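This report concerns only the one structure given below.
The values are calculated or read from the model by the stated rules, or taken from the named source; none is laboratory data. On a predicted model such as this, the values are computed, not experimentally measured, just so you know. Heads up, the Cβs are rebuilt from the backbone with ideal geometry, glycines too, and the neighbour counts pull from every protein chain shown. These accessible areas exclude ligands, DNA and RNA; they are computed on the full protein's heavy atoms, side chains included. Shrake-Rupley method; radii C 1.70, N 1.55, O 1.52, S 1.80 Å.
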Amino acid sequence: MKKAIVTGANSFVGGACVKMLLNHGVEVFALVHDGRANRLPNSELIHVVPFDMQNAEQCELPNDDYDVCYHFAWVGGTDVNFRKDYDLQLNNAKWTMETLKFVSSVGCRRFIGAGSIMEREIADTCRASGSKPNMNYCYGVGKLAAHMMAQTEAASLGVEFIWALITNAYGVGELSNRMVNSTIRKCIKGEAPQFTAGTQNYDFVYIDDVARAFYLIGLNGKPFHEYLIGSSTARPLKEFLLEMKSSIAPNLDFKFGDIPFTGTNLPLSAFDCSITERDTGFRAEISFAEGTRRTYDWLASEGASI
């Protein structure tokens, strides 16, 4: 791999992927919204290019021989209210299609989309008789629509298409209020976090492992395959949270069962990363205890209010 396009390059996962590519000597064309590049390092190998996913064809990206495009650009991926916005999430799917067509037109041969484990949850939930999904599922529906439509378009364009499903990425650099971050913030403040009973199956994967997985998928992944990016240690959520407690807050009380669980409990088979390991050579290396300790130290040094 010599040249890569990365959309959403200044995002949490996108920025980590850019750094991983640079560490492997890959020349990166970092497509960023409004020119913001505060997460990106200085390097002779990086070219920052303003990019508006809603008008992808207007991006001033030169025609060249690009090995791969990693597509991380997505509006409203972490904000709960935006996740419920079906117009926005369906537009994200449309804009993914337009981004695919654009990068193909400038000479990119391979397209890797960043999907979500929620796509599998959506499929199980919406097919279950009597199920009443909540509006947060609009995000997963958008990801699933982007996946299916972009795969079809890529086949017609002659572009090698790969879709990577991320279980739950977390780690240093994340600014959202998702569960790992919000729990660690409470621990820093000495507050006892509350959870569901934690019997639902879950998985978490540290951001450095996520970035390495995307690099290896770009390098070794098979066209028109789906790859799951996870820790290969999926288990009930409570076991992860007790591992976190032991690592960063052994004297704090973690309260289970105070919050009702309203989602879908996926079987452990849904978190199987063996195909990813077989085809790409990726296997997660950072334990949840180590990853949450690194994240705790970073949040504590930055201020838990960020």
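For segment 265-283, backbone nitrogen atoms closer than 17 Å to the point 7 Å from residue 127 Cα along Cα-to-C-beta are found at 265-272.
Taking 7 Å steps out from each Cα toward its Cβ at residue 109 and residue 246 produces label points 4.7 nm apart. Per the Debye calculation on segment 1-70 with a single equal scatterer at every Cα and no solvent contribution, log₁₀ I(q)/I(0) for q = 0.13, 0.15 Å⁻¹ amounts to -0.30, -0.40. Across all Cα atoms of segment 196-290, the radius of gyration (one decimal) and Dmax (whole number) stand at 15.4, 49 Å. Farthest toward the positive end of the dipole of segment 116-186, out of 158, 135, 169, is the Cα of 135, where the dipole comes from beta carbon charges about the Cα centre.
Per DSSP H run of n ≥ 4, the term is -39500 (n - 2.57); total these for the chain, divide by its residue number, and report the mean residue ellipticity at 222 nm rounded to 500 deg cm²/dmol.
On the way: 10 runs with 126 residues, N = 306.
About -13000 deg cm²/dmol.
Just how many % of Cα pairs in segment 133-176 lie over 16 Å apart, if you round to the nearest whole percent? In whole percent, the share of Cα-Cα pairs in segment 133-176 beyond 16 Å is 56. Based on Cα contacts under 8 Å between residues 6+ apart, segment 148-281 shows a relative contact order of 35 percent.
Rounded to the nearest 0.05, what FRET efficiency is calculated for residue 258 and residue 301 with R0 set to 30 Å and r the Cβ-Cβ distance?
Working: r = 30 Å, r/R0 = 1.00.
Step by step, r from the Cβ atoms, then E = 0.50.
Note on residue 58 and residue 44: the extension gain reaches 2.6 nm, defined as 0.36 nm multiplied by sequence separation minus the Cα-Cα distance. Under 5 Å between amide hydrogens, built in the peptide plane, is the criterion, and for residue 5 it picks out 29, 68, 69, 70 among residues at least 5 positions away or on other chains. Model label points for residue 86 and residue 283, set 7 angstrom from Cα along the Cα-to-Cβ axis, are 4.4 nm apart.
For segment 130-213, GluC sites (Glu not before Pro) are listed when DSSP marks them as loop and at most 14 other Cβ atoms sit within 10 Å of their Cβ; the list is 191.
May I ask you to give the solvent-accessible area per residue for segment 32-132, in square angstrom, as obtained with a 1.4 angstrom probe? If you can, show how the numbers build up before the last one.
Values: 5310 Å² over 101 residues.
Heavy-atom SASA per residue in segment 32-132 reads 53 Å².
The percentage of C-alpha pairs in segment 100-170 whose separation is greater than 21 Å is 36%.
If you wrap the chain in the convex hull of its Cα atoms and look at it from every side, the mean projected area works out to 15.3 nm².
Can you flag which of 3/143; 101/132; 189/238 are past 28 Å Cα-Cα?
Values: 3/143 26 Å; 101/132 36 Å; 189/238 21 Å.
With Cα atoms farther than 28 Å apart: 101/132.
Highest GNM mean-square fluctuation among 45, 61, 144, for the chain modelled with Cα contacts below 10 Å: 45. Considering the dipole of the chain built from charges on the beta carbon (Lys and Arg +1, Asp and Glu -1) around the Cα centre, which of 280, 211, 265 is farthest to its positive end? Of the listed residues, the answer is 265. In whole Å, what is the distance between the alpha-carbon centres of segment 276-293 and segment 1-49? The two parts, judged by their Cα centres, are 22 Å apart.
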